[in-house]
Amino acid sequence: MTKATVSSELSWDMIPTPNALESGTNDIFPVYLQTKYKSQVVGLYERRYKDYFSDFDSFLWTSRIGLAFFDQFGRVAWEHEEPSVALNNLFQVARDSASGIDDIFSNLLK
């Protein structure tokens with residue numbers, strides 16, 4: 001998916017986070033990206049949440065990058081948030097794609 005995004009074969013949209021991810025949580029999703037890849041709705045997101053750190057005996061904000069597949073009813077069919085370089089790379093490339101940053105820089109440099 002990263003390769004397809006870099007080569008502009010796959011484009012991402014920055015849209016509001018689906019209720020299927022947010023419902024029942026106090027988590028914050030500052031960025032949610034979505035695409036349709038081979039007829040599968042795929043979401044990429046940054047999730048910020050408070051986690052307990054025993055070293056400090058307090059809750060501190062932390063974040064994770066996640067990947068989710070949705071079924072035809074908009075429910076989360078599968079979700080992955082384990083840290084990985086590949087997932088972080090995909091998120092950055094997809095975020096750049098959705099932001100239109102290349103067009104912004106092109107217009108600024110004209």
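The values are calculated or read from the model by the stated rules, or taken from the named source; none is laboratory data. Computed from a prediction, not measured in an experiment: that's the story for all the values here. Reconstructed Cβ throughout: ideal geometry from the backbone, glycine too, with neighbour counts over all protein chains shown. Areas reflect the complete protein model, heavy atoms only, side chains present, ligands, DNA and RNA absent. Shrake-Rupley method; radii C 1.70, N 1.55, O 1.52, S 1.80 Å.
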Exercise. Exactly one of (1) open to solvent by 40 Å² or more (accessible area, probe 1.4 Å); (2) of a type outside the set (D, E, K, R); (3) touching a Phe, Trp or Tyr at 6+ places or on another chain (Cβ under 8 Å); (4) within 15 Å of Ser7 (Cα to Cα) is unmet by Ala94. Its number?
Worked result: (1)
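Does at least one position in the range 56-64 carry a residue that is in contact with a helix residue (DSSP H, G or I) (Cβ under 8 Å, 6 or more places away or on another chain), closer than 22 Å to Leu90 by Cβ and not polar (S, T, N, Q)? Before the answer, list the steps.
Step one: of the range 56-64, the residues in contact with a helix residue (DSSP H, G or I) (Cβ under 8 Å, 6 or more places away or on another chain) are none.
No; the residues of the range 56-64 include none that is in contact with a helix residue (DSSP H, G or I) (Cβ under 8 Å, 6 or more places away or on another chain), closer than 22 Å to Leu90 by Cβ and not polar (S, T, N, Q).
Considering only the range 10-28, state which residues are closer than 17 Å to Arg95 by Cβ and open to solvent by 70 Å² or more (accessible area, probe 1.4 Å).
Quick first cut of the range 10-28, residues closer than 17 Å to Arg95 by Cβ only: 10-17, 21, 28.
Ser11, Asp13, Met14, Pro16, Ile28, listed by residue number.
Which of the residues belonging to the range 11-65 are among the hydrophobic types (A, V, I, L, M, F, W, C), part of a strand (DSSP E or B) and under 17 Å from the mean Cα position of the chain (by Cα)? Please lay out each step first, then the result.
Initially, the range 11-65 is screened for residues among the hydrophobic types (A, V, I, L, M, F, W, C), giving 12, 14-15, 20-21, 28-29, 31, 33, 41-42, 44, 53, 56, 59-61, 65.
Retained after the next criterion (residues that are part of a strand (DSSP E or B)): 14, 28-29, 31, 33, 41-42, 44, 53, 59-61, 65.
Met14, Ile28, Phe29, Val31, Leu33, Val41, Val42, Leu44, Ile65, listed by residue number.
In the range 66-78, how many are open to solvent by less than 90 Å² (accessible area, probe 1.4 Å) and either in a strand (DSSP E or B) or basic (Lys, Arg) (or both)?
So in the range 66-78, the residues open to solvent by less than 90 Å² (accessible area, probe 1.4 Å) come out as 66-71, 74, 76-77.
Then keep just the ones that are either in a strand (DSSP E or B) or basic (Lys, Arg) (or both); that gives 66-70, 76-77.
Final tally of qualifying residues: 7.
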Exercise. Within the range 39-54, can one find any residue that is surrounded by 10 or more Cβ atoms within 10 Å (Cβ to Cβ), in contact (Cβ under 8 Å) with a residue 40 or more places away in the chain and touching a helix residue (DSSP H, G or I) at 6+ places or on another chain (Cβ under 6 Å)?
Worked result: yes
